[in-house]
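The values are calculated or read from the model by the stated rules, or taken from the named source; none is laboratory data. Only a predicted model underlies this, so the values are computations on that prediction, with no experimental measurement involved. Neighbour counts are summed over all protein chains in view; Cβ atoms, including those assigned to glycine, are modelled from backbone coordinates with ideal geometry.
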Amino acid sequence: MKKERKPKITTIILDVGGVQYFYDHMKAAKAMEKEIGIPAKKIFKALAEKASRNSFVAKAEFGSSEKEYWKQFSRELNIDPVNSKKMSRLWNKIFSPNTQMLELIKKLSKKYKIGLLSNMSQGHKKWLLSKGVAKPFKKNHIIWSCDINVRKPDKRIYTLALKKLGSKPNETIFVDDFPRNIKAAKKVGEYGIVYKNHKAFLKKLKKFGIEG
């Protein structure tokens, strides 16, 4: 039986939340409950809801200012306007670094073109940048949805990333924690890996001839 030929991979593009940094919306919701007196479960729903273009999260990821998306948050919870700076600080509590992935990215950057592609709010972006998330990536190889008003799984954001990196889709792996975003990447011709845990991820990389 003829051995299956591994694709030639030149580029790896990675999401941030759920890949480079783990996140837990309930952690932030509990902190906000103490601040504004609204049940954490109700806050969690607002923080995680992405159904409509006018939802709090959608406004944040499509590039609204921190003041604007926290006004939307207040409207959804039917409360007086919240302090946007304080709430952004509490919202950032969702993140914790995936140290294994962050170290792996440094190694991969020596052999491959690497890109960052993330649906992200302005507040989260600023916090992540302060933690050094952009250091392994070239400036032009970083795409935040809040900067371009387009977010995954819109195919335009994938084609923009490929253009910025100067990469061909059939030589690119996209890594994300949401299957729908991987499905969209595959539609533009990229390979995709759904990130579940690091051990499984390394096994999938190996199938492409990439050692972790």
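The rows are residues; the columns are (1) within 30 Å of L202 (Cβ to Cβ); (2) surrounded by fewer than 14 Cβ atoms within 10 Å (Cβ to Cβ).
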residue: K34; (1), (2): no, yes
residue: L47; (1), (2): no, no
residue: E61; (1), (2): yes, no
residue: S65; (1), (2): no, no
residue: L77; (1), (2): no, no
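Identify, by number, the condition in (1) surrounded by 18 or more Cβ atoms within 10 Å (Cβ to Cβ); (2) out of contact with any Leu (no Cβ under 6 Å at 6 or more places or on another chain); (3) modelled with pLDDT of 95 or more that V57 doesn't meet. Failed condition: (3).
With respect to K45, determine if the residue is at pLDDT 95 or above, among the charged types (D, E, K, R) and either under 28 Å from T99 (Cα atoms) or outside the structural domain of D154 (by TED's automatic domain parsing) (or both). Spelling it out, it is not the case that K45 is at pLDDT 95 or above, among the charged types (D, E, K, R) and either under 28 Å from T99 (Cα atoms) or outside the structural domain of D154 (by TED's automatic domain parsing) (or both).
Apart from one condition, K110 fits all of (1) more than 24 Å from A184 (Cα to Cα); (2) touching a helix residue (DSSP H, G or I) at 6+ places or on another chain (Cβ under 9 Å); (3) surrounded by fewer than 21 Cβ atoms within 10 Å (Cβ to Cβ); the exception is (2).
Test L116 against the stated conditions and say whether it is in contact (Cβ under 8 Å) with a residue 40 or more places away in the chain and in a strand (DSSP E or B). Yes; evaluated as a whole, the condition is true for this residue.
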